[in-house]
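The values are calculated or read from the model by the stated rules, or taken from the named source; none is laboratory data. Since the model is a prediction, treat every value here as computed from it, not as a measurement. Every residue, glycine as well, gets a Cβ built from its backbone with ideal geometry; the counts of neighbours run over all protein chains shown. The area values use the complete protein model at the heavy-atom level, side chains included, leaving out ligands, DNA and RNA. Shrake-Rupley method; radii C 1.70, N 1.55, O 1.52, S 1.80 Å.
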There are 2 protein chains.
Amino acid sequence: MKNDTMTSMTTLSPQPYKGTRDWYPEDKAVQNYIFDTWKATMQSFGFCEYGAPLLEPLEVYAAKSGDELANEQTYAFTDRGGREVAIRPEMTPSISRMVAARRQELAYPARLFSIANFMRYERPQRGREREFWQLNADVFGADGVAAEAEILQLADVLMKAFGADETMYEIRVNSRELIEAMTRQYLGLDETRGKQLVRLIDRKNKLPADVFRASAREILGTDENEAKLEAIFAADSIETLPEGLAASDAAARIRELFAMLAALGISSTRFDVTLMRGLDYYTGTVFEVFDTDPQNNRSLFGGGRYDGLVGMFGAEPASAVGFAPGLTTTELFLRSHDLLPDLMDGVNIYVAAVGDMALETFQLAAKLRKEGLSVESDVSGRKFDKLIKTAEKKGAKEIVFVGANEVATGVYSAKNLATGEERRLEA
Amino acid sequence: MKNDTMTSMTTLSPQPYKGTRDWYPEDKAVQNYIFDTWKATMQSFGFCEYGAPLLEPLEVYAAKSGDELANEQTYAFTDRGGREVAIRPEMTPSISRMVAARRQELAYPARLFSIANFMRYERPQRGREREFWQLNADVFGADGVAAEAEILQLADVLMKAFGADETMYEIRVNSRELIEAMTRQYLGLDETRGKQLVRLIDRKNKLPADVFRASAREILGTDENEAKLEAIFAADSIETLPEGLAASDAAARIRELFAMLAALGISSTRFDVTLMRGLDYYTGTVFEVFDTDPQNNRSLFGGGRYDGLVGMFGAEPASAVGFAPGLTTTELFLRSHDLLPDLMDGVNIYVAAVGDMALETFQLAAKLRKEGLSVESDVSGRKFDKLIKTAEKKGAKEIVFVGANEVATGVYSAKNLATGEERRLEA
């Protein structure tokens, strides 16, 4: 396209699409730091990286009937061949499909992770973007409390890998089975009322106390049940659960889990009976990592044991434990605790031509690169001060000028842009 | 979602969406190897990594009027807010928009690269997928032949970074200015006929010789012009161009370019007067890298000097030189020349519980990870032979069993899974 065609047209907006970000080098460096830290940690636990397509058939998400994700938040459309598709709003259906397609060939427990982007049509706000990046970590085919303990250990290590300590975050843990035991056996609610209560408790912190109490009363029916619920909320550890609930199998399993976590020296986990985390998705332990900074008091990510959805794709079902930290919430956490290192890393040497020395500049640059250095060459022919300014702005460590004299003698001077020191360079 | 809800539903297909790939760990390892090699090379030349949104307003692509990309190949749709958008089919408009948005703040020449996925609605075939990955490398604001020489040097280094040598690939080089001089001054064609000839030459290798000759005759008009075109095709180097064309400014510039490439020791480049590479997009040097393997005789990637499209977004225009290698063509090249190293890299140690030793297994694994090792723990409680088989399948280097005796003594045995050798491990 030629310039004249262009300038005759309406000017287009230089802003990115609503709810998405442009990742300029300084932003991309933060993204890469977080991705690299995730990746190294996952690999140290023997997780293998995978990737999945950007699009999936819409029905994969619609299958989660009633889920506002498929109906209101997907970027769904019909492709040029008439297929209804969606830009992935999450990874679980894709990785479940991939496991289903190789259900017999894979080695179990299968430890898998990916770092990918997703899109959801939501109102953008601090910590929430329409295009967002997530680490997805899942273990397929590992049953029992031990697998849940290990995934919690991994979540804890993942936070520490960024230099965080236990004062900065807290991992709240509950169990879907315990929630079930609470609503059905302990409180004696039917399935509908049980689900209503779970939904209500899930929103407890967002509701005024009296609204919560009135709604709870309506669901619970009796004074006795109200008192029982109070007793549950009073439990700040697995040891102080009311007797009727403490005796359940679910409580025994979560006690086993906490005993294991203690033995592993993990002190960031805390039992939280009010943690609901999704309605129908999870089947066992659930957890959520919270930032303890009052200025950034948000959920960082969550996970737990869930139905791996593998059966949905015609394969033998396989349960999974996993979690999915987001890039943006992680970045906000690191910023709120001042944990981001200095990441902008310019080249080792900025080689600048003095006048018409392009070829000689490229030759020197090639030589220095062969020594393992990163080298940017500048053959713009600009003046010294302009070249130095550009090299500084780009974060280069040293600058070397290539002029007639240097080329003739083969002796160059490398000037440190931070200290001003010069060193002799022979080439 | 519960299992019973799932199984009552129609089974979904485990296949990926047409024209996309599932990246299982062994495929992802190849992808990462290529991405990492690209990234290291780009950084050694002082290029900074950026990222761009997945979606752009459709008009950004539609602005290239007449381009089949926008009209037939985009994944375009209307979002829930009524905006017409497209999944990016290429990076040039996005990075041009980003440069426009910070036109004054950026340091020039701005060296930028990204590794990202794109989607085009095309018929999938070998080497072409609907979702594809590309490296995009661009220098904004560097004029002159030298910038073009450096980008060709970079393309050459990028191939060598994978272990390729000059017998495996060839970089064919031409110039849009030379094409212009050829059609307008040398052959005396008007603009319409000039473009017709360019399009015809672009398809030369796909047409039967007689069809090409007849079409060319129609465009060229005279016997004299036919002879002139023959003389051009006979030129296999910049030195053997017919006199009338050799005297043009465009030929002088391309001679300067080749002199510089020779002085830089680059022997993979070859002048090719028939290389057309796009109609209106490029403005100076154009090039295309070809695989020389007759079994995989394809264009690997191309690039050149082009209008950076920055002006389209209301900022002062900035020209650019760049190129964009694709993941799939690179992978096919590496496979055709047997250049792919062994990439599957399992954990250092597979720590397996013998019976009910989950906690002790996790504790040993944590200890070993602190020593910098990658460790996978297996607390499935399966039998020895099953555990060994799984560890082997996963590519682990050593296996360590955690049984009552080992825990009691603190002495473990690490068995090399390739050689069978055992070594003592104290923990």
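Odds and ends about this structure:
- Each copy carries a label point for residue A:78 at 7 Å from Cα toward Cβ; from one copy, the others' points are 1.3 nm away, ordered from shortest.
- Cα gyration tensor, the protein assembly as shown - rounded (a/c under 1.5), prolate or oblate: prolate
- Residue-by-residue Karplus 3J(HN,Hα) for the range A:400-411, coefficients 6.51, -1.76, 1.60, Hz, glycine and proline x: 10, 9, 10, x, 4, 5, 4, 5, 5, 8, x, 10
- Dipole of chain A, positive end: most advanced residue of A:197, A:300, A:35 [Cβ charges, Cα centre]: A:35
- About the Cα centre, charge dipole magnitude for the range B:360-416 (Lys/Arg +1, Asp/Glu -1 at Cβ), debye: 200 debye
- Cα-projected label distance for residue B:382 with residue B:408, points at 7 Å along beta-carbon direction, nm: 2.8 nm
- Furthest towards positive pole of dipole, B:212, B:324, A:344, structure part the protein assembly as shown, Cβ charges: B:212
- Charge dipole of the range A:181-305 (Cα centre as origin; +1 on each Lys and Arg Cβ, -1 on each Asp and Glu Cβ, all else neutral): 340 debye, rounded to the nearest 20.
- Rounded, prolate or oblate (a/c below 1.5 giving rounded, otherwise prolate when a/b exceeds b/c) for the range A:88-186 by Cα gyration tensor: rounded
- Buried on assembly, the range A:257-288 (at least 10 Å² less accessible surface than by itself, 1.4 Å probe): A:260, A:263, A:264, A:280, A:281
- Span-rule helices in chain B, defined as complete DSSP H runs reaching 24 Å or more along the axis (Cα) with Kyte mean at least -1.0: B:25-44
- Sorted from nearest, the other copies put their residue A:188 label points 10.6 nm away, the label point being 7 Å from Cα in the direction of Cβ.
- Sorting A:373, A:334 by accessible area puts them as A:373, A:334; the probe is 1.4 Å, largest comes first, and only protein heavy atoms count.
- Note on the range A:148-253: with charges restricted to the Cβ of Lys and Arg (+1) and Asp and Glu (-1), its dipole about the Cα centre is near 480 debye.
- Closest approach to the B/A rotation axis among chain B Cβ atoms, residue and whole-Å value: B:77, 2
- Interface residues, the range A:333-362 - accessible area loss of 30 Å² or more versus chain alone, probe 1.4 Å: A:359, A:362
- Calculated FRET efficiency, residue B:123 to residue B:206, Cβ-Cβ distance, R0 = 22 Å: about 0.85 to the nearest 0.05.
- Among B:361, B:283, B:269: highest mean-square fluctuation, GNM of chain B, C-alpha pairs under 10 Å: B:361
- Residue among B:319, B:336, B:374 with the largest mean-square fluctuation in a Gaussian network model of chain B, springs linking Cα atoms under 10 Å: B:374
- Sites residue B:26 and residue B:71 - FRET efficiency at Förster radius 35 Å, r taken between beta-carbons, to 0.05: 0.40
- Distances from residue B:144 to itself in the other copies, using label points 7 Å out along the Cα-Cβ axis, amount to 6.9 nm in increasing order.
- Mean sequence separation of contacting Cα pairs (under 8 Å, at least six apart), scaled by the length of the range B:169-291, corresponds to a relative contact order of 52 percent.
- Dipole axis of the protein assembly as shown (+1 Lys, Arg; -1 Asp, Glu on Cβ), positive-most option in B:139, B:248, B:185: B:185
- Take the Cα of residue B:424, step 7 Å toward its Cβ, do the same at residue A:243, and the gap between the two points is 5.6 nm.
- Contour excess over end-to-end distance, with Cα ends at residue A:339 and residue A:274 and 0.36 nm allotted per residue: 20.4 nm
- Antiparallel bridges, percent of DSSP beta bridges restricted to the range A:169-291 (to nearest 5): 70 percent
- Cα gyration tensor shape of the range A:82-143, rounded if a/c is under 1.5, else prolate or oblate by comparing a/b with b/c: oblate
- Only helices enter the 222 nm calculation for chain B: every DSSP H run of n ≥ 4 contributes -39,500 (n - 2.57), and dividing by all residues gives -10500 deg cm²/dmol, rounded to 500.
- Pairwise centroid distance, computed over Cα atoms, of the range A:180-258 with the range A:71-137, Å: 33 Å
- Per residue solvent-accessible surface (Å²) - chain A, probe of 1.4 Å: 42 Å²
- Measuring r between the beta carbons of residue A:316 and residue A:217 and using R0 = 35 Å, the FRET efficiency lands at 0.20.
- Placing a pseudo-label 7 Å from each Cα along the Cα-to-Cβ vector at residue B:255 and residue A:371 gives an inter-label distance of 3.7 nm.
- Of the GluC sites (Glu not before Pro) found in the range A:139-174, those that fall in a DSSP loop while having at most 15 other beta-carbon atoms within 10 Å are A:166.
- Surface share of carbon and sulfur [accessible, 1.4 angstrom probe, percent] for the range A:349-426: 51 percent
- Where B meets A: accessible area buried, both sides, 1.4 Å probe, Å²: 8900 Å²
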